[in-house]
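Worksheet for the structure shown next.
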Amino acid sequence: MSSDNHIIIVGGGPAGSATALAARREGAEVTIVDRKTHVGIPVQCGEAIGKTGPGIAEIEIPEESIRVPIRGFRVYSPALISVDFAEKEPSGYIIDRRVFDKELLARAAESGSDVLLGAKVIDLTRTKGLVDGVVVRHNGARKKIKAKVVIGADGVNSEIARLTGLRRSFKPADIDSCFGYEMVNCDLEFPDLMEFLLGSNLCPRGYIWIFPKGEGRANVGIGIGGGFGVYTAQQYLDNFLKNNEIAKRQLARAKIVECRVGALPVCGPNEQNVVDGALLVGDAAGHVHPITGGGMGYAMVCGSIAGQVAAQCVAKGDVSAARLQEYETRWRKRYGDEFAQSLKLRDLLIETEDETLDKLAKIVTGDSVVKLAAARKIKIFAKAVATRDRKLITLMRELRKLKMV
Amino acid sequence: MSPSGKTSNKLAKVNGEICGICQACATVCPKNAIDVFEHYIVILPDKCNGCGTCTKVCPVEAIELVER
Ligand SMILES: Cc1cc2nc3c(=O)[nH]c(=O)nc-3n(C[C@H](O)[C@H](O)[C@H](O)COP(=O)(O)OP(=O)(O)OC[C@H]3O[C@@H](n4cnc5c(N)ncnc54)[C@H](O)[C@@H]3O)c2cc1C
Ligand code: SF4
Ligand code: SF4
């Protein structure tokens, strides 16, 4: 393809497919290039996606990928005191990413995007400093593909981030090292709630998740801060399954039918995601919530913005960083504060002792915390203040900023 | 420094039977010495300096340092 409105999207995950759809809507020629021959496989995900929240309502979650509706979540403090964040109506879904990623890619292709699978991008081409194409390795041969804009939607280990200099390597603490099982024969107490467990010995700088998938099935996984643990993520998860009360109650009969590994960028977005002729989106840009580790929704909303802006810049014949910056400005307007505040809370949580988390859980436990009446919120905060525990009060303040309590 | 310009005589080695290709190791490698493909990963011995950062993030103990 050599047309003068051609956009190359590196990566056919949720970010890439959403970007492609938006760029096609603006009339650009699009090629999605992925080094895999089967996108979405192996599954490296907890498979939870919200359907509310800024921008999320605009994205389409393929119906055929939905496994169960979810009303919210329950968090267990280290001493297993539970706090619920649940609504009456479903606020999200557990999906099947095998179906999800493939269906999104199929829709991108049906909208007119070309898809080149089994092609690994190994370099960028440039003219006078402006990125104007990629070099791929495909079927054992090197090949150049020209484009007006190159979009790096190539995930946590983004080659485009390295090649553009927008991000070099992560520090271990910047990522979560993840491990998970898909299990059957689970006796879940709340089949429409996600469960999270915290604890410095259970899962250092991270959490354990149990996500229901319907019919006694569940994704059970763990993410631990890179370099934080003395064991591997798998060892921490196996220890949980064997020894933790919550696991014993719900997963004693469960059988493992799939093992999953994964890496999550949890250090917040890159400082900059745009250069002359190229931009980054999704995990490549660090569009992942630093606490929940959720990334699919952000990847797709930011992808929609990226595709639209890139196509418009191509149509106007100016793909300089200055013009593409509109993308950076627009996604930051939506999520910039949320990411920054969550990162602050995350850092605070690292320094929070298990006892403080238990104290906090004791104060908040009871009715679901979502949409609490103002009077109850004030009462909860007053209780926190009455403890005179500085750390607890600071934590409560940050949670309030994020409108969590 | 050894004659090959390496700071250590160690080299990362991946156990392909355990590795699930999560890419955690590759994202933290300061030398960009880990190449990720669809079904396997490759350590590039010319680039690897034996620092061991990759071994700190593997969820399954699939990567370790060995003597060169
Ligand atoms: C264990 C785990 C659990 C998670 N749980 C959740 C969850 O419950 N909910 C949620 O919302 N998010 C979750 N996430 C995060 C979510 O998986 C990611 O944020 C999301 O997949 C990001 O989408 P993406 O399109 O940016 O990247 P990816 O889905 O990683 O897609 C990137 C694509 O780029 C391709 N690629 C990479 N390099 C190249 C190259 N050089 N050339 C060509 N192609 C290339 C890859 O093959 C891949 O197909 C989880 C992540 C992990 C690791
Ligand atoms: S030992 Fe260091 S240089 Fe070698 S692969 Fe691991 S992180 Fe990279
Ligand atoms: S971190 Fe471990 S499992 Fe993940 S790709 Fe590297 S060697 Fe494989």
1 or more residues in contact (Cβ under 8 Å) with a residue 60 or more places away in the chain: qualifying helices (runs of 4 or more DSSP H) within the range A:294-405: A:296-316, A:321-351, A:354-364, A:390-401
In the range B:34-65, residue farthest from the other protein chains (Cβ to nearest Cβ) [restricted to those that are under 10 Å from the mean Cα position of the chain (by Cα) and of a type in the set (Val, Ile, Thr)]: B:Ile43
Scope the range A:223-234; condition facing another protein chain (nearest Cβ under 8 Å) and surrounded by fewer than 24 Cβ atoms within 10 Å (Cβ to Cβ); matching residues: A:Gly227, A:Thr232, A:Gln234
Wholly within the range A:105-177, strands (runs of 3 or more DSSP E) carrying at least 3 residues that are free of Cβ contacts under 8 Å to residues at least 24 places away in the same chain and away from chain B (no Cβ under 14 Å): A:141-146
Residues that are over 24 Å from A:Lys120 (Cα atoms), away from ligand 1 (no atom under 16 Å from the Cβ) and outside any strand (DSSP E or B), drawn from the range B:28-68: B:Asn49, B:Gly50, B:Cys51, B:Gly52, B:Thr53, B:Thr55, B:Lys56, B:Glu61, B:Arg68
Enumerated strands (runs of 3 or more DSSP E) restricted to the range A:11-90, each holding at least 2 residues that are of a type in the set (Asp, Glu): A:29-34
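No value in this document is a laboratory result; all are computed from the given coordinates. All of these numbers come straight from a predicted model, not from anything done at the bench. Quick reminder, even Gly has a Cβ in these numbers, built from the backbone with ideal geometry, and neighbours come from all protein chains shown.
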